[in-house]
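J.: Mind looking over this structure? Questions follow.
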Amino acid sequence: MENDNREMEFSICILEEQTQLTLADLCRACAVHAERIIELVDAGVLEPQGREPAHWIFAGASLHRARKALRLQRDLGIDLVGAALALELLDEIDTLRTRLRATGGRY
Amino acid sequence: MEFKDYYKIMGVARDATQDEIKRAYRKLARKYHPDVSKEADAEARFKELGEAHEVLKDAEKRAAYDQLGVNWKGGQEFRPPPDWNTGFEFSGGGFTDGDAADYSDFFASLFGRDFRAGGGASSRAKGEDHHAKILIDLEDTCQGATRTITLRVPAVDIQGHVSTRERVLNVTIPKGIRAGQHIRLSGQGSAGIGEGKAGDLYLEIEFRPHPLYRVDGRDLYLDLPVAPWEAALGATVKVPTLGGIVELKIPEGSVSGRKMRLKGRGIPGNPPGDCYVILSIALPPADTEAARDLYRKMAQELNFNPRARMGV
């Protein structure tokens, strides 16, 4: 094991709040072809602004949503619609769990 | 290294059919998928499962694995037999899917570790992005903080050996970041190929459980104990918030569970979150004669039936 303790300078930002992504950014970050991202948009998993793929602007939060959808499809052998449904249900469970915990319930 | 009982991991019999293996995998994969499961060891279980499936779904690998015999137990110290791998030919380079880098030493000793070269034919490509989770304290997001984090990065040397390298980064936690959000550190992923830029590092934020506050988005929830007389008569009490102590006026006649809002006292942001204070009435202990006398006096003088609404 080797350590590197160098202090490094780099730009830090909150992905969900300070970042917007183009279709190309998203394809690169997810390591997939544009078709796969377009499918996710068609399935309503991602909701970019702008009319055409070339002008689409995605919110930063899309990155992890897209990666999650792609992982679910790949790992569980489910189709896009199934993955979209799973994502929605997972989001809902997350919200409910957080709320339950916040208001003092146990889960 | 430890022997891995792939049949046990997948919960199937040694003579399971390929269909049974596929069904077992699908079912367990849904259960332990790290995006689905909240169990702490889900990721490790899912990787182990992927590895077991990689071997058992493939007739060649399964036959080779079976050849080790039935006397091995999971976790037992294992060395591949000297004649291992003779007479077997693994077609297609072995890996079909899954992340080969995550497979165990046990797997690697049997089937080799075949790293697919990233970037393909391109001589110039952006480096891979890296993703990790970090645990921070609620205080870190309220005040902003610099945290030193240690990441374990698998590194492959020229001979193809895999080792884990520790990487220490000083990260500025942006004020107001919430659980589930990600910090992006540009250029802190894998180095690029050729003239390609380095990849980015994404850190997912998770809060360490706080002894006082519970979190919902930017809002905080705090259980505040109050004395019976403070609730009954009203009082101004001190409340600890992340930004310091504030005074809160408890209206007279308050009951347990009453929710009060301290506007803007949650996680900072635009707009900042609120801090919800939930009153809980604490009973003074009746541990002295004087205290017991006071309780007896209340019992005599207050005409109070807490179960009146139950009709008893």
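No lab work stands behind these numbers, since they all come straight from the coordinates. Treat the numbers as computed from the prediction; the structure is a model and nothing was measured. Virtual Cβ from ideal backbone geometry, glycine too; neighbours counted across all protein chains shown.
J.: Nearest 500 deg cm²/dmol is fine: what mean residue ellipticity at 222 nm does chain B get from its DSSP H runs of n ≥ 4 alone, each adding -39,500 (n - 2.57), divided by its residue count?
T.: -7000 deg cm²/dmol
J.: Using a basic spin-label model with each label point 7 Å from the Cα along Cα→Cβ, how many nm lie between A:Glu52 and B:Asp15?
T.: A separation of 6.4 nm, rounded to one decimal place.
J.: Right, next: Beyond 19 Å between alpha-carbons counts as too far, so tell me which of A:Lys68/B:Lys133; B:Lys8/B:Lys133; B:Lys27/B:Lys73 fall in that bin.
T.: B:Lys8/B:Lys133; B:Lys27/B:Lys73
J.: Return the loop-located trypsin sites (Lys or Arg not before Pro) in region B:201-304 (DSSP other than H, G, I, E, B) with at most 14 other Cβ atoms within 10 Å of their own Cβ; answer none if there are none.
T.: Passing both the DSSP loop test and the Cβ count: B:Lys263.
J.: Taking other Cβ within 10 Å of each residue's Cβ, how do A:Glu16, B:Glu247 sort, fewest first?
T.: B:Glu247, A:Glu16
J.: If I histogram all Cα-Cα distances within region A:18-102 using bins 10 Å wide from 0, what percent of pairs lands in each bin?
T.: In whole percents, the pair-distance histogram is 18, 48, 28, 7, 0.
J.: Among B:Met1, B:Met10, B:Met310, rank each residue by its count of other Cβ atoms within 10 Å, from fewest to most, as a rough exposure measure.
T.: B:Met310, B:Met1, B:Met10
J.: With springs only between Cα atoms under 10 Å, which of B:Asp216, B:Asp129, B:Asp287 fluctuates most in a Gaussian network model of chain B?
T.: B:Asp287
J.: Excluding B:Ala16 itself, calculate the net charge of residues whose Cβ lies under 12 Å from the Cβ of B:Ala16, where each Lys or Arg counts +1 and each Asp or Glu counts -1.
T.: Within the 12 Å Cβ shell, the charges total +2.
J.: May I pose another question? Which residue fluctuates most in the GNM of chain B (Cα springs below 10 Å): B:Asn71, B:Asn270, B:Asn170?
T.: B:Asn71
J.: Which shape class applies to the protein assembly as shown: rounded if a/c is under 1.5, otherwise prolate when a/b exceeds b/c and oblate if not, where a ≥ b ≥ c are the square roots of the Cα gyration tensor eigenvalues?
T.: Prolate, since a/c reaches 1.5 and a/b exceeds b/c.
J.: Something else now. For region B:213-301, give me the percentage of DSSP beta bridges that are antiparallel, rounded to the nearest 5 percent.
T.: Counting DSSP beta bridges with both partners in region B:213-301, the antiparallel share is about 70 percent.
J.: Next up: Counting Lys and Arg as +1 and Asp and Glu as -1, each charge on the Cβ, what is the dipole of the protein assembly as shown about the Cα centre in debye, to the nearest 20?
T.: 1360 debye
J.: Can you find, among B:Ala198, B:His161, B:Ile149, the residue sitting farthest towards the positive end of the charge dipole of chain B, where Lys and Arg contribute +1 and Asp and Glu -1 at Cβ?
T.: In chain B, that residue is B:Ile149.
J.: Additional query: With r defined as the distance between the Cβ atoms of B:Trp229 and B:Gln143 and R0 fixed at 45 Å, what FRET efficiency is calculated, to the nearest 0.05?
T.: 0.80
J.: What's the average, rounded to a whole number, of partner chain beta-carbon atoms within 10 Å of each residue's beta-carbon in B:24-33?
T.: Going residue by residue through B:24-33 and averaging, the value is 2.
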